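Bear in mind that the values in this text are calculations on the coordinates, not laboratory data. Please read these numbers as outputs of a predicted model, since none were measured by experiment. Using ideal geometry, Cβ is built from the backbone for each residue, glycine included, and neighbour counts are taken over all protein chains shown.
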Amino acid sequence: MASEFELIAALRRRLSATGPTVLLGPGDDAALIQPPPGQGQVLSTDTLVADRHFPAGLAPALLAWRSLAVNLSDLAAMGAEPGPLLIALTAPDLTPAWIDGFCEGVLACLAAHAPSATLVGGNLARGPLQVSVTVTGWVLPAQALLRSGAKVGDRIFVSGVLGAGLAGREALDASGLAPAELALSAVSPAFAPYLTPEPRVGLGLALRGKATACIDISDGLAAELGHLADASGVGMRLDSEAVPREGTLEAALTGGDDYELLFTLPPAEATAEKLAALAAKGGVAIQEIGLCEAEAGLRGLPPLGGQAGWDHFSQP
């Protein structure tokens with residue numbers, strides 16, 4: 001078994017930091033970064049825990065991709081350009097081969113957001129397997145996408161296909177394949193929405209100056225609609241038949257793990273021509289699914305068998 005410092009050295013060899021905002025990368029007690037002039041700094045962090053957010057035996061390259069992607073999705077929801085990030089990795093044991101695979105996943109995910117997204121440091125510790133990622137991003141403060149700006153009369157949209165994350169998890173469970181034997185370079189399309197989600201960073205950037213409110217769909221559409229409505233002080237009417245989905249409507253509303261964007265647009269930004277331009281810039285299909293109304297609450301939701309979305313402390 002390699003020592004902690006040998007593993008850190010292996011990480012530094014593979015993941016040396018570069019980027020327009022990095023003044024000093026891994027090697028000192030902390031990294032040194034320089035925000036672009038006039039930009040606001042966006043910060044977010046999330047922890048993925050084995051057998052809660054991913055199978056404990058998942059191949060390290062896929063674990064790395066998934067860990068980064070779900071955090072980058074939070075930047076997308078803010079309309080931020082990704083910047084330097086940190087990874088804290090806890091594991092019962094680590095080998096150079098495992099670290100090499102993890103680096104493969106980190107590099108592959110960061111390559112999709114180069115040159116601004118780069119790893120500038122982190123931490124290794126022994127314990128139950130989990131990955132914590134802290135991301136930074138940049139956006140002009142006046143252009144940051146918030147949850148609180150939706151207005152009565154705004155139209156509600158989602159990107160991509162909902163329920164695909166849940167379907168991917170279920171397909172992986174049913175396949176009988178060992179998660180450790182899966183390869184990043186050959187992920188089945190059936191598993192990809194769960195194992196290698198695509199953060200909608202391009203769409204988030206395209207929505208700056210246009211969307212009145214935005215949130216990423218990590219806990220299920222029904223829950224995220226409630227978050228937007230509460231933060232903005234409006235009601236929301238859902239056209240459930242318009243929701244682009246894989247599987248059942250309930251799976252799309254409550255399954256979570258989709259990492260698509262839910263956002264609102266004023267009528268002037270919701271013309272067919274402007275929507276087509278948004279989809280082209282964002283690199284993903286968008287679909288209108290509802291309307292913001294004056295009366296508080298959510299309408300148009302079908303009866304749901306369980307909770308409206310994922311809740312760590314009320315679900316097994």
Pairs under 9 Å by beta carbon, first residue over 16 Å from residue 60 (Cβ atoms) and in contact (Cβ under 8 Å) with a residue 12 or more places away in the chain in region 176-202, partner among the charged types (D, E, K, R) and part of a loop (DSSP other than H, G, I, E, B), six or more apart or different chains?
192/198; 193/246; 193/257; 193/258; 194/257; 197/257; 197/258
Over region 249-304, the set of residues surrounded by 14 or more Cβ atoms within 10 Å (Cβ to Cβ) and of a type in the set (S, T, N, Q) is 254, 264, 287
Suppose we filter 270, 192, 222 for residues that are aliphatic (A, V, I, L, M) and under 25 Å from residue 142 (Cβ atoms); which single one remains?
270
Test: residue in region 212-226 that is among the aliphatic types (A, V, I, L, M) and touching a Cys at 6+ places or on another chain (Cβ under 7 Å)
no
Could you say which residue among 137, 105 is under 17 Å from the mean Cα position of the chain (by Cα) and farther than 18 Å from residue 31 by Cα?
105
The residue that is surrounded by the most Cβ atoms within 10 Å (Cβ to Cβ), considering only those in region 44-62 that are out of contact with any Ser or Thr (no Cβ under 6 Å at 6 or more places or on another chain) and part of a strand (DSSP E or B), is 54
When every residue in region 57-102 that is under 18 Å from the mean Cα position of the chain (by Cα) and among the charged types (D, E, K, R) is compared, the one nearest to residue 185 (Cα to Cα) is 66
Requiring at least 1 residues that are within 19 Å of residue 148 (Cα to Cα) and among the small types (Gly, Ala, Ser), the strands (runs of 3 or more DSSP E) wholly within region 197-316 are 213-217, 235-238, 286-293, 297-299
